[in-house]
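The values are calculated or read from the model by the stated rules, or taken from the named source; none is laboratory data. Computed from a prediction, not measured in an experiment: that's the story for all the values here. Neighbour counts run over all protein chains shown; Cβ positions are idealised from the backbone, glycine included. Heads up: the accessible areas ignore ligands, DNA and RNA and are worked out on the full protein's heavy atoms, side chains in. Shrake-Rupley method; radii C 1.70, N 1.55, O 1.52, S 1.80 Å.
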Amino acid sequence: MRNQTKASIAITAVIAMVVVIFLLVARTGSDDGPAAAVETSSGDSALVRDDSRVIGEEGSSEVTVVEFLDFECEACGAAFPIIEELREKYDGEVTFVARYFPLPGHFNAERAARAVESAARQGRFEEMYQMMYETQSGWGEQQTPKDEVFRGYAEELGLDMDQFDADYASEQVAQRIQKDVEDGLKLGVQGTPTFYVDGKLLEPQSADDFHTALDEALGR
């Protein structure tokens, strides 16, 4: 985990937890989320595929946290420090999976997903994933293309820029993102963030709900 991210978590964790509770409650109380919990196992191909992006390393247990996310979504940005804290607490035990679900109302969400997937193809998924949330306030909620901003992030990460440019513009990357969207729609996902813990839909009312669900899944 990047030092910058650790510092960000230490400074903003309390504020972010308060914000994410408000945002998640607001989202799950609207029509933006799944109509009902989806009963499925963590091995269901619609929930976790062989090529789904894992944040960090896979855990030793079969327990997963799956998030359908939109990098421009403010609620996802508010949830990000909580997910990072969970990753640290359950490091080595739980697998955290990110599924792309850019929303049509967010002008740069699909572009951000393409940038992250392009970085993933050079083995730098986690770093670009983190960078998108750490910088979200600077590029999000704007109605102008941020392709050059995202390209700058790729340069900052030291990526092969010829490969990044080719991937970013490729139909393969666009289809890879769309596949995640289609899986989300099959599961009833309509808004972000949408979480599944151990294969079950989790609609958290507080940050503690994540810990409770994971501890139960791990048999604690």
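Listed values, structure above:
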read-out: Given (1) in a helix (DSSP H, G or I); (2) in contact (Cβ under 8 Å) with a residue 60 or more places away in the chain; (3) within 19 Å of Tyr129 (Cα to Cα), index of the condition Thr192 fails; value: (1)
read-out: Selection status of Gln190, at pLDDT below 95 and touching a helix residue (DSSP H, G or I) at 6+ places or on another chain (Cβ under 7 Å); value: no
read-out: Any chance Ser60 is touching a residue at least 40 places away in the same chain (Cβ under 8 Å) and of a type outside the set (Lys, Arg); value: no
read-out: Flag for Val197 being modelled with pLDDT of 95 or more, farther than 19 Å from Gly105 by Cα and touching a Leu at 6+ places or on another chain (Cβ under 8 Å); value: yes
read-out: Qualifying position, being among the β-branched types (Val, Ile, Thr), at pLDDT 50 or above and within 18 Å of the chain's Cα centre (by Cα), among Ile55, Ile9; value: Ile55
read-out: Odd one out for Ile83, checked against (1) within 23 Å of Lys146 (Cα to Cα); (2) free of Cβ contacts under 8 Å to residues at least 40 places away in the same chain; (3) among the β-branched types (Val, Ile, Thr); value: (1)
read-out: Residue in the stretch 29-50 that is under 14 Å from the mean Cα position of the chain (by Cα), at pLDDT 50 or above, small (Gly, Ala, Ser) and open to solvent by 10 Å² or more (accessible area, probe 1.4 Å) present; value: no
read-out: Wholly enclosed helices (runs of 4 or more DSSP H) of the stretch 73-165 bearing at least 2 residues open to solvent by 40 Å² or more (accessible area, probe 1.4 Å), out of contact with any strand residue (DSSP E or B) (no Cβ under 9 Å at 6 or more places or on another chain) and under 24 Å from Ser61 (Cβ atoms); value: 74-89
read-out: Among residues of the stretch 52-67, those that are open to solvent by 40 Å² or more (accessible area, probe 1.4 Å) and over 16 Å from Tyr129 (Cα atoms), counted; value: 3
read-out: Cross-chain or 6+ apart pairs with Cβ under 6 Å, the stretch 138-163 first and under 19 Å from Ala120 (Cβ atoms), then of a type in the set (Gly, Ala, Ser) and part of a helix (DSSP H, G or I); value: Phe150/Ala115
read-out: Flag for Gly199 being open to solvent by less than 10 Å² (accessible area, probe 1.4 Å) and closer than 12 Å to Tyr100 by Cβ; value: no
